[in-house]
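In what follows, a single structure is set out as structure tokens and then discussed.
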Amino acid sequence: MPVDTRLTAWESSLWVAGLGVLLLLRMPSLVAPPGSDQSLYMYVADRILDGGAPYVDGWDQKPPGIHLVYALVRAVWPHASAPALLDVVASALTAGLLLAIG
């Protein structure tokens, strides 16, 4: 016999409220200065945007994907808080995916 796994309106509201609180807790990172890793990623991304190449004009041991993502973000919005906003968006998407999977 199949089990009904749908959430009630109350349960859905609790999940949405919980996710909202967790996202609000991440908001201070938007005004905090970038960390050392993020600063390095932004530096390499800026070298890429200036026509340079990763591992030649700016070196880091990470694979090039992270630098290309940061270069894309910096091209769209060059403010130092752009990577932090990307982290918040990625956190929200990850939470949504985990909720959908679980």
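The values are calculated or read from the model by the stated rules, or taken from the named source; none is laboratory data. Just so we're clear, the structure is a prediction, and the values are computed from it rather than from any experiment. Reconstructed Cβ throughout: ideal geometry from the backbone, glycine too, with neighbour counts over all protein chains shown. Please note that ligands, DNA and RNA were not included when accessible areas were found on the heavy atoms of the full protein model with its side chains. Shrake-Rupley method; radii C 1.70, N 1.55, O 1.52, S 1.80 Å.
Restricted to region 54-102, and to residues that are among the hydroxyl-bearing types (S, T, Y) and either touching a Leu at 6+ places or on another chain (Cβ under 6 Å) or surrounded by 15 or more Cβ atoms within 10 Å (Cβ to Cβ) (or both), which residue is nearest to L40 (Cα to Cα)?
So, considering only residues that are among the hydroxyl-bearing types (S, T, Y) and either touching a Leu at 6+ places or on another chain (Cβ under 6 Å) or surrounded by 15 or more Cβ atoms within 10 Å (Cβ to Cβ) (or both), the one nearest to L40 (Cα to Cα) is Y70.
Modelled with pLDDT under 85 and on the phi < 0 side of the Ramachandran plot: does that describe R26?
Yes, satisfied.
Under 7 Å between Cβ atoms, which residue pairs at least 6 apart in sequence (or on different chains) link something in region 57-83 that is outside any loop (DSSP other than H, G, I, E, B) with a partner that is open to solvent by 90 Å² or more (accessible area, probe 1.4 Å)?
The qualifying pairs are G58/Y43.
Filter region 30-53 for residues that are in contact (Cβ under 8 Å) with a residue 24 or more places away in the chain and assigned to a helix (DSSP H, G or I); which is most open to solvent (accessible area, probe 1.4 Å)?
L49
Only residues in region 1-29 that are over 17 Å from L86 (Cα atoms) count as the first member; pair them with residues that are open to solvent by 80 Å² or more (accessible area, probe 1.4 Å) and at pLDDT below 80, Cβ under 8 angstrom, at least 6 apart or cross-chain, and list the lot.
W15/L7
With the structure loaded, tell me whether A95 is in a helix (DSSP H, G or I), among the aliphatic types (A, V, I, L, M) and under 14 Å from the mean Cα position of the chain (by Cα) or whether it fails that test.
Details: in a helix (DSSP H, G or I): yes; among the aliphatic types (A, V, I, L, M): yes; under 14 Å from the mean Cα position of the chain (by Cα): yes.
Criteria met by A95.
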